[in-house]
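S.K.: If you scroll down you'll find the structure; I have some questions about it.
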Amino acid sequence: MNVWIAIGVTVLGCYAVKLAGLLVPAGALERPAVKRLAALLPVALLAALTAQQTFADGQTLVLDARAAGLAAAAVTLMLRAPFLLVVGAAVVVTAGVRAMGAG
Amino acid sequence: MRDALGVGVAVGLSGFAFGVTSAGSGLTLMQTCALSLLVFTGASQFALVGALAAGGSPFTAAAGAFFLGVRNAFYGLRLSQLLALPRAVRPFAAQWVIDETAAVALAQPTRRSARIGFFVTGLTLYLLWNLTTLLGALGAEAIGDTDAWGLDAAGPAVFLALLAPMLRTGTERAVAGLAVLLGLGLLPVLPAGVPVLLAALAAPVVLWADGRRGRERAER
């Protein structure tokens with residue numbers, strides 16, 4: 001039930017912001033400070049989420065095979081590899097490190 | 001055309017990864033598909049299932065997903081001037097206001113081609129995203145232990161791939177660094193889902209510090 005509540009709230013919230021953008025009169029959100037903040041919010045959220053989903057197990061911090069996978073993703077990103085390869089590298093390296101018995 | 005194909009492949013793969021991740025987080029097939037059909041903005045969906053899997057309350061989990069979705073309002077603002085859609089069409093077009101459709105439409109030279117670009121990209125990605133989500137969720141059930149295949153690394157890799165092109169200047173890097181510190185530092189001491197929301201404060205904090213430094217330089 002809790003999951004459905006979360007889904008319902010997310011559906012309404014995410015649709016509302018999409019629609020709001022199309023309906024609000026132009027200029028309402030065009031202030032530079034608001035635009036800067038809107039551009040930086042995803043940066044903060046994505047960085048925190050990446051770190052947590054790599055190093056967290058419940059509420060404890062751990063260093064396991066996922067860290068190796070993420071490092072592989074970072075290397076492929078620096079080599080300007082396409083998206084497919086980036087995610088693929090993370091998955092394969094994580095599975096490989098686990099198969100060798102670490103993490 | 002090459003770009004469109006590249007976008008399609010990337011979105012298809014993320015859809016698959018989302019289906020797998022969502023099923024691995026304990027959501028049912030119905031719940032997973034409902035998210036892709038009704039939310040249809042990838043980063044928010046990944047954030048929501050990740051927060052739920054970590055034991056976050058439904059409201060903190062939804063709040064994180066919501067804040068990630070706020071950027072779509074700014075795409076909508078720019079698109080509404082460009083596409084000039086009739087008011088009656090806007091509630092239907094709204095669901096397709098996402099990173100990829102905005103990027104394609106804003107790159108078009110005329111209103112006509114922008115409208116075509118928006119609707120073709122929107123329809124294609126909507127079908128592809130939902131189809132691959134379904135396949136991913138079904139695949140995860142068939143695979144069984146998704147962790148053994150390293151599929152729990154797909155979520156963070158998708159986030160990193162979205163984040164990397166945003167880290168253009170020192171400001172973005174400072175925000176990302178501070179957010180990582182807050183997100184990991186607060187994780188052991190606060191309820192699940194809350195640390196991510198507090199990590200979002202890195203954005204206004206760095207902006208404020210930047211503005212202060214700018215003013216000091218101006219005074220000198």
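Table: residues versus (1) over 18 Å from residue B:140 (Cα atoms); (2) not in a loop (DSSP other than H, G, I, E, B).
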| residue | (1), (2) |
| --- | --- |
| B:14 | no, yes |
| B:19 | no, yes |
| B:26 | no, no |
| B:30 | no, yes |
| B:34 | no, yes |
| B:47 | yes, yes |
| B:91 | yes, yes |
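S.K.: Do you know which residues across the range B:174-220 are among the small types (Gly, Ala, Ser), out of contact with any Gly (no Cβ under 6 Å at 6 or more places or on another chain), more than 8 Å from every other protein chain (Cβ to nearest Cβ) and surrounded by 13 or more Cβ atoms within 10 Å (Cβ to Cβ)?
M.R.: Matches in the range B:174-220: B:174, B:185, B:209.
S.K.: Tell me whether the range B:34-56 contains one or more residues that are under 18 Å from residue B:156 (Cα atoms) and either surrounded by fewer than 20 Cβ atoms within 10 Å (Cβ to Cβ) or charged (D, E, K, R) (or both).
M.R.: Yes, the conditions are met somewhere in the range B:34-56.
S.K.: Looking at the range B:94-104, which of its residues are in a helix (DSSP H, G or I) and within 7 Å of chain A (Cβ to nearest Cβ)?
M.R.: Selection gives B:94, B:95.
S.K.: Let me ask something additional. Of the conditions (1) facing chain A (nearest Cβ under 7 Å); (2) closer than 16 Å to residue A:4 by Cβ; (3) of a type in the set (Val, Ile, Thr), residue B:70 clears all except one; give me its number.
M.R.: (2)
For (1) at pLDDT 90 or above; (2) in the same structural domain as residue B:32 (by TED's automatic domain parsing); (3) under 19 Å from residue B:46 (Cα atoms), each residue gets a yes or a no:
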{"residue": "B:122", "(1), (2), (3)": "yes, yes, no"}
{"residue": "B:125", "(1), (2), (3)": "yes, yes, yes"}
{"residue": "B:130", "(1), (2), (3)": "yes, yes, yes"}
{"residue": "B:133", "(1), (2), (3)": "yes, yes, yes"}
{"residue": "B:160", "(1), (2), (3)": "yes, no, yes"}
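Matching residues to (1) touching a His at 6+ places or on another chain (Cβ under 8 Å); (2) surrounded by fewer than 18 Cβ atoms within 10 Å (Cβ to Cβ); (3) under 20 Å from residue B:177 (Cβ atoms):
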| residue | (1), (2), (3) |
| --- | --- |
| A:19 | no, no, no |
| A:52 | no, no, yes |
| A:59 | no, yes, no |
| A:72 | no, no, no |
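S.K.: Only one residue in B:131, B:123, B:138 is under 23 Å from residue B:104 (Cα atoms), touching a residue at least 40 places away in the same chain (Cβ under 8 Å), more than 7 Å from chain A (Cβ to nearest Cβ) and in a helix (DSSP H, G or I), so which one is that?
M.R.: Within the list B:131, B:123, B:138, the selection yields B:131.
S.K.: So which residues in the range B:108-132 are closer than 14 Å to residue B:78 by Cα and surrounded by 15 or more Cβ atoms within 10 Å (Cβ to Cβ)?
M.R.: Selection gives B:108, B:114, B:115, B:118.
S.K.: Any idea how many residues of the range B:49-83 are at pLDDT below 90 and assigned to a loop (DSSP other than H, G, I, E, B)?
M.R.: Matching residues across the range B:49-83 total 4.
S.K.: Any idea how many residues of the range B:18-39 are touching a residue at least 12 places away in the same chain (Cβ under 8 Å), more than 8 Å from chain A (Cβ to nearest Cβ) and either under 23 Å from residue A:16 (Cα atoms) or in contact with a Phe, Trp or Tyr (Cβ under 9 Å, 6 or more places away or on another chain) (or both)?
M.R.: 8
S.K.: Which residues, taken from the range B:87-120, are of a type in the set (Val, Ile, Thr) and touching a residue at least 40 places away in the same chain (Cβ under 8 Å)?
M.R.: Result: B:98, B:104.
The values are calculated or read from the model by the stated rules, or taken from the named source; none is laboratory data. No experiment lies behind these values; they were computed from the predicted model shown. All Cβ positions, even for glycine, are placed from backbone atoms using ideal geometry, and neighbour counts span all protein chains on display.
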